[in-house]
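These notes are about the structure you will find just below.
The values are calculated or read from the model by the stated rules, or taken from the named source; none is laboratory data. Just so it is clear, the structure is predicted and the values come from calculations on it, not from any experiment. Glycine gets a Cβ as well: all are built from the backbone with ideal geometry, and neighbour counts include every protein chain shown.
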Amino acid sequence: MTGSGLDFIREIVARDLSTNKHGGRVCTRFPPEPNGYLHIGHAKSICLNFGIAQENGGVCHLRFDDTNPTKEEVEYVDSIMNDVRWLGFDWKDKLFYASDYFEQLYDYGEDLIRAGKAYVCSLTADQIRDFRGTLTEPGRNSPHRDRSVDENLDLFRRMRSGEFPDGTHVLRAKIDMASPNLNMRDPTLFRIRKVPHHRTKDTWCIYPMYDYAHCVSDAIEGITHSICTLEFENHRPLYDWCLDQLNVPCHPQQIEFARLNLTYTVMSKRKLLQLVQDRHVWGWDDPRMPTLAGLRRRGYTPESIRRFCEKIGVAKNDSVIDIHILEETIREELNRHAPRVLAVLRPLKVVIDNYPESQVEELDAVNNPEDPSAGTRKVPFSRTIWIEQDDFREDPPKQFFRLAPGREVRLRYAYIIRCAEVVKDQETGEIIELHCTYDPATRGGSAPDGRKVKATIHWVSADHAFETDVRLLEHLFTTPDPGQIKDGAQMKETLNPRSLEVLEGCKLEPGLKSAAPGTRFQFERMGYFFVDPVDSKEGAPVFNRVVTLRDTWAKIEKSQKGGG
RNA sequence: UCCGGGGUGGUGUAAGUGGCAGCACAGCAGACUUUGGAUCUGUUAGUUCAGGUUCGAGUCCUGGCCCCGGAGCCA
């Protein structure tokens, strides 16, 4: 019953440390391809790799896997470094690029040829596919498989010098065309791509493939544990093969774990890119996106994301994490730290008939009941106030405790009021305002006669309210498993049309006018909100809802409707 | 069909050499409450199946079933 508490990867690392397998060293790496923005799935990998290094006095390298210049851009390099730093990790001076090793990778390629372990193949891409065989049938040897070392060397050098057009030759490993593992059927090591690279510019026209570049890069850097996701499991024999053939400094161990999947969102870079390109979102940093940039703009903190990654664990089972776990994690943190304020999102006017016409009182409000040191503040109260439309029902259902004709409710930190009259639009029947009376003996909200008032609602003084936009954000998709989506049309169908709702003219307590971009608040009873750092201006904050509060009433109401 | 990997409550994740199946979230019930928030208490629910070894199997053996990945000059 007394388990080690370690996940299976940390267990391997601990064992290797105890057997002194790598001379007491722990060196990991996070190897993104700069072809998109980092998302929360990458955060899992970042926390794992940097975390393991940190815990064991090791280092974690940041290495860009930039071997395919047709898809990679500096914009992505910059965003990735920014996001890793924001998440709270530091690669010190260990910043690398696979492209740093192009020359060595090329030299090792010649070594392979000299050892008779690689050859230049001049089949077309289609022919190579055809010769590869199928899952159940072995492949056939390329007619160029037995070219002499000299011929191979000559051809490989001329590939490098730009003598041949794209697609005419590739360098292939000479392994086994009959292997049941397709990755071992003479995989391509280098291909010709006459396109400039974002770092090496036009010095190269041949580029190494992932399988070859990755293991060699790991070995060059002295990585001890090369942690990647499950889809590379079939590639491990090739990872090991390459390193076994070459005279490299060390042989890292590749370990695979299950990538993160979240309900109601997509995690593939391709689909994320599609959302951006098709303008279904504002961009990579849209607060509905599962990208780190999006989560950051939504109002998630780095701590909450790290904590989330801790909670979900690391294993080899394919799994889908309920997105509510993520939401619960940010709630836990913000509950402890976010200052409370009063904000009415969908306002309904209330006139307190027996409250003196021009009177204003400054009432004491607690900033954070979870943190007494946060102190108190004053909020103005007057004869006309705004309350939430949802907090009044003309015909209250069972278990609805809030305001209704003839009923009492407590205004937080203010008074107990009773609803005396409902004013409606003559034509539409829409409720436009309420007339209430207040009990002057209940100042601050307590009833000296000891009577119980079940509900407390939030409010904002109409004369003092600060008006601004508030955005309510929901899941991007209506289906819990949009990862199954195949094409663009299907994606469009499953997108949640209500993922973004912009509420204009929300009434906030006056102090919020000076809310600084990038700060977080709890709007009492409504949720946690973040001052959007992009769209807010000095004195004109715009709020994004990070997450709602747990809403017991919403649950009751839902089950009432559902149950009939 | 071939190769690789994986199946523990609704979800996720634990149980060094076989020894009371634990934790978190969700659910349900209750307490408390000037946020239907927070907090606290209690509780429902699980080893993919069939055999075998054993005093004893989530763990070991045999066989089946189901799921995921793999035929890029992508990573």
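Residue count for region A:304-326, restricted to those that are under 18 Å from A:Val547 (Cβ atoms) and within 14 Å of RNA strand B (Cβ to nearest atom): 12. Checked against (1) at pLDDT 95 or above; (2) more than 26 Å from the chain's Cα centre (by Cα); (3) farther than 19 Å from A:Lys92 by Cβ, A:Lys44 passes all but a single condition, namely (2).
For A:Glu408, the criteria (1) at pLDDT 95 or above; (2) among the charged types (D, E, K, R); (3) within 38 Å of the chain's Cα centre (by Cα) hold in every case but one, which is (3).
Take region A:121-142 and flag every residue that is basic (Lys, Arg) and either within 11 Å of A:Leu182 (Cβ to Cβ) or near RNA strand B (Cβ under 8 Å from one of its atoms) (or both).
So the first thing to find is which residues in region A:121-142 are basic (Lys, Arg), and the list is A:129, A:132, A:140.
Matches in region A:121-142: A:Arg129, A:Arg132.
Here the strands (runs of 3 or more DSSP E) wholly within region A:347-422 that include at least 2 residues being in contact with a helix residue (DSSP H, G or I) (Cβ under 9 Å, 6 or more places away or on another chain) are A:347-352, A:361-366, A:376-381, A:408-411. Of all residues in region A:509-564, which are under 21 Å from A:Ile323 (Cβ atoms), in a strand (DSSP E or B) and out of contact with any Leu (no Cβ under 9 Å at 6 or more places or on another chain)? Across region A:509-564, the qualifying residues are A:Phe529, A:Phe530.
Yes or no: region A:295-303 includes at least one residue that is surrounded by fewer than 19 Cβ atoms within 10 Å (Cβ to Cβ) and more than 14 Å from RNA strand B (Cβ to nearest atom). So far as region A:295-303 goes, yes, one or more of its residues are surrounded by fewer than 19 Cβ atoms within 10 Å (Cβ to Cβ) and more than 14 Å from RNA strand B (Cβ to nearest atom). A:Cys215 meets all of the listed conditions (1) part of a helix (DSSP H, G or I); (2) of a type in the set (A, V, I, L, M, F, W, C); (3) more than 24 Å from A:Phe8 (Cα to Cα) but one, namely (3).
Checking region A:86-99 against the condition returns a match, with at least one residue being in contact with a strand residue (DSSP E or B) (Cβ under 7 Å, 6 or more places away or on another chain) and on the phi > 0 side of the Ramachandran plot. Going through (1) farther than 22 Å from A:Glu303 by Cα; (2) of a type outside the set (D, E, K, R); (3) away from RNA strand B (no atom under 12 Å from the Cβ) one by one, A:Gly36 falls short only on (3).
Within region A:2-33, track down each residue that is assigned to a loop (DSSP other than H, G, I, E, B), at pLDDT below 95 and near RNA strand B (Cβ under 9 Å from one of its atoms). Passing the criteria: A:Thr2, A:Gly3, A:Ser4, A:Gly5, A:Leu6, A:Asp7.
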